[in-house]
Every structure is written in structure tokens, then in C-alpha cells.
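Each reported figure results from applying straightforward, stated rules to the coordinates on display, with no laboratory input. Computed from a predicted structure; not experimentally measured. Here the Cβ is made from the backbone with ideal geometry for all residues, glycine too, and neighbour counts use every protein chain on show.
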Amino acid sequence: MLSKNKNTISFDTFFVTILTLSVFISCKPTSYTNYKIEGKKIPITNEFKTDPTIDAYVEPYRAHINKDLDSVLSFCPVTLDKFKGEYQTNIGDFIADACVELANPIFYKREQKNIDGAIFNHGGIRTIIPQGNVTKRTAYEVMPFENTLIVVALKGSQLQDIASYFMKEKKPHPLYGFHIYLNDKLEVTKMTVNNQPIEASKTYYVLTSDYLSNGGDNMTFFLKNEGKYDLNYKMRNVLIDYFASHKSIEALPKSRVTKE
């Protein structure tokens, strides 16, 4: 009897366990994992006709946006062009100077520190600023990306990497505060910060974009840093604010790379 009861209990336990697992499995929500994404280009051709009803609905908003984008904010006496200049361009100098001018008060208010230098990438400048009136649309055309300004703390011993990168790239990346000296073989002989020799153990605060601070465009020297400070200030908005507060915009004729 005892043996029979044990078998009965064992069978009952087995049955209940199976039933519980079945209920659990059947109640488990189905999960899906995306394993493939497909896409294709859809060209905008005459095949697609404008819907007059939608066009009429959008028109007031389009007119409002165009009026805002085309309102004159400033004047540019000389065309600022990213393709004119070997190691510097007037538009690169202008953008670096404008970013530091508007970013430094924000950084100082938050951290009680000043920005020592800045570097941006030549490729981030998408077009020229032509001679003539400057509008908000100009800022969107020059800087269409959503990049924000970041201050990166670097030791003086790390700043030489900026000069090495600059010469390796052989592109006129916008600079502020830094002065790179080259010999006749185009080798870096010296670099200063605000006309002062670099102190290896001192911490310097370098302004750049969030994209570059994460090693974008091979600026990996930013990855080993002493701290990063996000100013939550888009570079495009810097240009708009600068245009709105300056009747005329010009690049300062200040040398940042010198061949000795």
C-alpha cells in the first residue's frame, strides 16, 4: 500500500508539473527580434504630382518658415570660403572665433574657467558664406548638422597630439588659441596656446563639437581626457546668434599656422 501510494503521489506530482509548465509556456508573451532592414531610394520625379489640397494646407507654414529663414541678420563684406587657404581659411577662422566668443561666457559662468583653445573639422563646414546679406538660412546651409559645443579638458602633454593630427590630415581645420609652427620640411617644431608655451602638467580647456569629442574624423586625442563639459549649444545656433549680434561678420587676419 505504501509503495502504491508513493507511485500515486509521484504520478500526481509529475502531472501537476507538466500542466504548470504547459500553462506557463502557453502564457509566455511572444517576442520578436529584428534581424534585417531593407530600404530603397524613391526618386522624386514628375510621376508624383503635388496634391493641391495638401499644398494649400502647408503653404501658410512654408511662408512663415521662409520669411524667418530669409530675414537679414548681418552683412558679409568678403566671401568666406573653405577652399581658399592652405592651412587656414577665412571661414574656418571665423567659425572658430565666433564659437569661442559665444561659448566662453557660458562655460565660465558654469565652471569659473576659460576656454583656452578650439579645434573643429574642415568637413563640418558645408558651404561658403557669400559676400552680401547674411540670413538665418545662411547658418542652416553652412552648418546643417545638429552638433553641439563640448569643452574637453586635456593635459598640456596631450596637446602635441592636436598639432600632429593637424599636419597628418593636411586640412585647414578651424583653430582658435593654438599656434602651430612648422619647419621647411613641414614638421611641427612648436605649438603655443594663446602665445604662451604649453605646460605639460597644466589642464587646458579645448572647445569642439560633440561629434569630434567622441573621436569623430579621427580626432582620437579627445578620447583620453580629464573631463568633458556639454554646453548644450548647437553650433548652428551659435552662428545665428553671432549674426544677429554683429552688423558685419569678418574673419580676423590672425595667423594660426606659421612656416618658419
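Numbers for the structure displayed
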{"read-out": "Degrees separating the helix 156-169 axis from the principal Cα axis of the chain, which is the longest one", "value": "80 degrees"}
{"read-out": "Net charge over other residues, Cβ less than 10 angstrom from the Cβ of Tyr176 (K, R count +1; D, E count -1)", "value": "-2"}
{"read-out": "The range 186-248: chymotrypsin sites (Phe, Trp or Tyr not before Pro) in DSSP coil with no more than 13 other Cβ atoms inside 10 Å", "value": "none"}
{"read-out": "Formal net charge of residues neighbouring Gly156 (Cβ-Cβ distance under 14 Å; K, R +1; D, E -1)", "value": "0"}
{"read-out": "Extension gain (nm, one decimal) between Thr258 and Thr203, 0.36 nm per residue minus Cα-Cα", "value": "17.3 nm"}
{"read-out": "Within-15-Å neighbourhood charge of Tyr204 [Cβ basis; K, R +1; D, E -1]", "value": "0"}
{"read-out": "Those chymotrypsin sites (Phe, Trp or Tyr not before Pro) in the range 45-126 that DSSP places in a loop and that have at most 13 other beta carbons within 10 Å", "value": "Phe48, Phe83"}
{"read-out": "Anisotropy class of the range 100-167 from Cα gyration tensor, a/c 1.5 cut", "value": "oblate"}
{"read-out": "Translational diffusion coefficient (Stokes-Einstein; Kirkwood radius from C-alpha pairs) of the chain at 4 °C, 1.567 mPa s, in µm²/s", "value": "57 µm²/s"}
{"read-out": "Rounded if a/c under 1.5, otherwise prolate or oblate - the range 41-84, Cα gyration tensor axes", "value": "oblate"}
{"read-out": "Rough spin-label spacing in nm, given labels placed 7 Å along Cα→Cβ, for Phe48 and Tyr32", "value": "2.6 nm"}
{"read-out": "Cross-link partners of Lys36 among lysines (Cα-Cα below 30 Å; sequence separation of 8 or more within a chain)", "value": "Lys28"}
{"read-out": "Cα shape, the range 147-256, gyration tensor, a/c 1.5 rule", "value": "oblate"}
{"read-out": "Folded to 0 to 90 degrees: helix 2-27 orientation relative to the chain principal axis, Cα", "value": "30 degrees"}
{"read-out": "Of the GluC sites (Glu not before Pro) in the range 167-213, those whose Cβ has at most 16 other Cβ within 10 Å and which sit in DSSP loop", "value": "Glu187, Glu199"}
{"read-out": "Span from the the range 238-253 Cα centroid across to the the range 80-130 one, whole angstrom", "value": "11 Å"}
{"read-out": "Most mobile listed residue (Leu239, Leu80, Leu182) in the chain, GNM with C-alpha springs under 10 Å", "value": "Leu182"}
{"read-out": "On Cα atoms only, tilt of 235-245 relative to the major axis of the chain in degrees", "value": "40 degrees"}
{"read-out": "Stretch in the chain that is longest and holds no trypsin sites (Lys or Arg not before Pro) that DSSP places in a loop and that have at most 11 other beta carbons within 10 Å", "value": "50-169"}
{"read-out": "Estimated [θ] at 222 nm from DSSP helical runs (n ≥ 4, -39500 (n - 2.57)) normalised by residues in the chain, nearest 500", "value": "-13000 deg cm²/dmol"}
